[in-house]
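Derivation of every value follows stated rules applied to the coordinates shown; laboratory data play no part. Note that the coordinates shown come from a computational prediction; the quantities given were computed from them, not determined experimentally. Because the Cβ atoms are built from the backbone with ideal geometry, glycine has one as well, and the counts that use them run over all protein chains shown.
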Amino acid sequence: MAKQEFQINASALKKIHGALKKLETKNPKMLIGKMKPTHFLSASVKSLSEVQSATSETKQIILNISGDFSTKPDDLNDSTLLKDNLNFGDDEFSLLQTQFDTLVKKYKSSASVTSGETNKCNTVGDCAKLVSSKTTADYE
Amino acid sequence: MSNSLKIIVSVFVTILTILFNIQKSFGQEFLKNLSVRKAFESKTPDDDKPATISFTGPTNKASSFLLNAGVGYKFTEKSIGKIKDKNKLTLNVFFVYNVNSLISIEQHNYKLEITAETRFGMNPQKLVFFGNHTMQYIRDYVDTNYSALLTTYWHILSKGKGPKKFGGYSNPDKSFSYFFQPKVGLEYQYLIDAKEKLVNAHGFDFRGFQSIGGNLLYRSGRNSSGQTDSRTKLLELIVSYDFRESLISNVNYNKENSYLFKAGINLYPTRDGNLSVGGCYNDGEDPVAGINKQEYWIVALQFKLN
């Protein structure tokens, strides 16, 4: 099942949590994967600051590897092409994989990024999506 | 087309067909580890070239071929050493086929290779070392020999704030960018069998390899919002000088040293970088690629599909 990301405010999240709690009480055997629905919800939620932080760190890694000292992470366009605009070659992609792998482990120790996944990234936005998807819990 | 060439081309096409079908069976995971390129001994930006195929068959003249292509599969990749995640080892297997009848002394060989790549360091602001090590079996039709070859090549990547830039372009926000490309290595070639040209048909040649080069790039353009990160390649100059010195040898090559000088220019007329027009002047020889000593120009139009 493909992952979908969306934003939700705190009060709406609290209502959903409450509804799931009631559901759990009525149906104690109900599980999503091996987790109770409320536990699944908690594990799936990331705060906005956490998402923004991961994206900013992803862009900082890309800027470091490209040797760009003047652009700020927030100013780096998602549409920027790694090969055509930043001149990434095999060596740069190798470093990208290692540094993304280190980054996602900071947020989730069991997560990892492979070279096949980084090699598929064409743009800065693809990298941000990859890192974001790795820092979200897997329940497929 | 000679029978042997037909066989080699058939084998190459068959391998590609098999790989395509395996990919269909095993899905995207297989495709992720598959690569098609010109050479695999080293992966500096200058070596990272697309495969080239060309065939001309005039009715009353001999056919001419240009095929520099290889297909490789990456088996494994893991961190090594005491500092986890900083050092990396990758293992690949390749088949490469080269034929070029457009130059004065033909190039015609195929190679089976196992390649291991190592990397030490992970911070390009300081210094990162890349090593490419290969074990090859080469069948060279021009020198009519069979040989085994062990190579190790090392290059560096450094994109610090100072003027010393090595291994890759930096400052993507600037119009001009450059880097130096020094490489060192060792080559051990063992001649299993050779005919005609060599007095001693069996033996080895242990060579030292050094290379110095540089790349200069001019980027063009800004997008409508004025973002500096949208610059793309417009003009690129590439120069390199490879030098090989025979350190220990018991083969009667009658050549202790060899060199290969290359100077090229590439023009990228489109904003997306998918089209390039380039010319490259070559003078010297490359025993690893099976190119005998000669001087020639290559002018090529290259394009890729995203």
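By count of other Cβ within 10 Å, fewest leading, how are B:249, B:240, B:175, A:109 ordered? Walk me through the intermediate numbers first.
Details: B:249 16, B:240 19, B:175 13, A:109 8.
Placing the least packed residue first, the sequence is A:109, B:175, B:249, B:240.
All other residues with a Cβ under 10 Å from the Cβ of residue B:260 taken together, and with Lys, Arg as +1 and Asp, Glu as -1, what is their net charge?
Working: positive: B:244, B:262, B:293; negative: B:242, B:283, B:285, B:286.
Net of charged neighbours comes to -1.
If amide hydrogens are placed 1.01 Å from N in the peptide plane, which non-local residues have theirs closer than 5 Å to the one on residue A:123?
Residues meeting the criterion, in which the H sits 1.01 Å from N, are A:82.
Please report, for the Cα atoms of chain A, the Rg to one decimal and the Dmax as a whole number; what are they, in angstrom?
18.0, 58
Of A:120/B:262; A:26/A:105; A:134/B:164; A:106/B:126; A:83/B:159, which ones are farther than 25 Å apart at the Cα? Write down the numbers at each step before the final one.
On the way: A:120/B:262 32 Å; A:26/A:105 37 Å; A:134/B:164 36 Å; A:106/B:126 23 Å; A:83/B:159 16 Å.
Check vs 25 Å cut-off fails for A:120/B:262; A:26/A:105; A:134/B:164.
Tell me the chymotrypsin sites (Phe, Trp or Tyr not before Pro) within segment A:19-95 that lie in a loop according to DSSP and have at most 15 other beta-carbon atoms within 10 Å. Don't skip to the answer; put the middle values down first.
On the way: sites: A:40, A:69, A:88, A:93; in loops: A:69, A:88.
Sites meeting the loop and neighbour criteria: A:69.
Using Cβ contacts closer than 10 Å as the measure, can you line up A:65, B:156, B:138, B:103 from fewest to most?
On the way: A:65 27, B:156 21, B:138 24, B:103 17.
In order of increasing Cβ crowding within 10 Å: B:103, B:156, B:138, A:65.
Could you give each residue of segment B:121-137 its phi-based ³J(HN,Hα) in whole Hz, using Karplus coefficients 6.51, -1.76, 1.60 with θ = phi - 60°, and x for Gly or Pro?
x, 9, 10, x, 6, 9, 9, 10, 9, 10, x, 10, 10, 10, 10, 10, 10
Please report B:205, B:140 as a ranked list, fewest other C-beta atoms within 10 angstrom at the top and most at the bottom. Don't skip to the answer; put the middle values down first.
Numbers: B:205 22, B:140 19.
Ascending number of Cβ neighbours within 10 Å: B:140, B:205.
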